[in-house]
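J.: Starting off with a structure, shown below.
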Amino acid sequence: FLYRYLSPLEALGIELRTVIPNLQPLPLETAKALALLGKHHLRPNAFIAVHAGASFEGRRWQPERFAAVIVEIAGETGLDVVLVGGPDEREIAERIVARTAPSVVNLVGDLSLESLLAVLKQARLFLGNESGPMHMAAATGTPVVGLFGLTEPSRWGPVGVPSISLQPPMPCACMAENLCRAPDPSKACCVWGLEVKPVVDAVREVLSRTEMKLEHAI
């Protein structure tokens, strides 16, 4: 859909100098983010940012499954984990924290949009549901593992960064008939059909795929 919206500019003869979204935090916000990370003993490029929220319940992968991925990946890689999200997503974050190690840093509800962008820029990887923060992370250049339900990742997935977009096999057996309103992607709970192992494998793959790039940056 990005190219669909850019095509009228091409039709008008306007040169497209940049076709990949690019959002970079202001220097002041970067300084604030680095100070905040330091307060929690977090190093840049050494943590995974996790966003378990979304605008509709059906787009939110189960917190318990996020927790299972966090425990496995953190134990395997030694990477820290930072939970991000809005004030209305605190209860989701608390459910994850209750099932993970104390080292998980919960910043849900504590960041402005500008500060969130700066924190996402410093992350080694973003893991989360289809959401605004997912696209913000990609726009800063941070690799992404995105979790999708009925929405088609090829049309709405992150662009411009190493990424994997996961979606359960379609059509899926309805897991929440009282909530699902297919074929409306914003009213379907298909993302709940994603199992933990494919997500863990996707995180491993993106981390491996970007390891060389990280070493060169250091």
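Rule-based calculations on the coordinates, nothing more; no lab input. All values derive from a computational prediction rather than experimental measurement. As a convention, Cβ positions derive from the backbone with ideal geometry for all residues, glycine included, and neighbour counts pool all protein chains shown.
J.: Taking Cα atoms of the range 113-213, Rg/Rh with Kirkwood Rh, to two decimals? Display every interim value, and only then the final one.
T.: On the way: Rg = 14.3 Å, Rh = 14.2 Å.
Value, to two decimals: 1.00.
J.: Here is a follow-up. Would you please name the trypsin sites (Lys or Arg not before Pro) within the range 114-196 that are DSSP coil residues with at most 15 other C-beta atoms within 10 Å of their C-beta? Please list the in-between numbers first.
T.: On the way: sites: Lys121, Arg124, Arg155, Arg181, Lys187; in loops: Arg124, Arg181.
Listed in order of number, the matching sites are Arg181.
J.: What distance in nm lies between label points placed 7 Å from Cα along the C-beta direction at Asp184 and Ala31?
T.: 4.7
J.: Using only helices, what value at 222 nm comes out for the chain when you add -39,500 (n - 2.57) per DSSP H run of length 4 or more and divide by the total residues, to the nearest 500 deg cm²/dmol? Provide the component values of the computation, followed by the final result.
T.: On the way: 8 runs with 91 residues, N = 218.
The helix-only estimate for the chain comes to -13000 deg cm²/dmol at 222 nm.
J.: Report the Cα-based extents of the chain along its three principal axes, largest first, to the nearest Å.
T.: Taking the Cα atoms of the chain, the three principal extents are 48, 46, 33 Å.
J.: Something else: Run the simple label-point estimate for Glu57 and Ser208 please: 7 Å along Cα→C-beta, distance reported in nm.
T.: The answer from the label model is 3.8 nm.
J.: May I pose another question? Taking the Cα centre of the range 29-217 as the origin, how large is its charge dipole in debye, to the nearest 20, when only Lys and Arg (+1) and Asp and Glu (-1) carry charge on their Cβ atoms? Before the final figure, lay out each step's value.
T.: Working: 18 positive and 21 negative charges, 45 e Å.
So the dipole magnitude of the range 29-217 works out to roughly 220 debye.
J.: Please report Rg over Rh for the range 35-126, where both radii come from the alpha carbon positions and Rh follows the Kirkwood definition. Don't skip to the end; give the middle numbers.
T.: Details: Rg = 12.3 Å, Rh = 13.2 Å.
So for the range 35-126, dividing Rg by the Kirkwood Rh gives 0.93.
J.: Pairs of Cα atoms under 8 Å, at least six residues apart: use those to get the relative contact order of the chain, whole percent.
T.: Working: 380 pairs, mean separation 48.4, N = 218.
Relative contact order for the chain comes out at 22 percent.
J.: Round to the nearest 0.05 the FRET efficiency obtained for Ala173 and Glu72 when R0 = 35 Å and r is the Cβ-Cβ distance.
T.: Working: r = 26 Å, r/R0 = 0.74.
After rounding, the FRET efficiency stands at 0.85.
J.: Then there is this: Report, in debye and to the nearest 20, how large the dipole of the range 78-183 comes out about its Cα centre when Lys and Arg carry +1 and Asp and Glu carry -1 on their Cβ.
T.: Values: 7 positive and 10 negative charges, 51 e Å.
Computed charge dipole of the range 78-183: roughly 240 debye.
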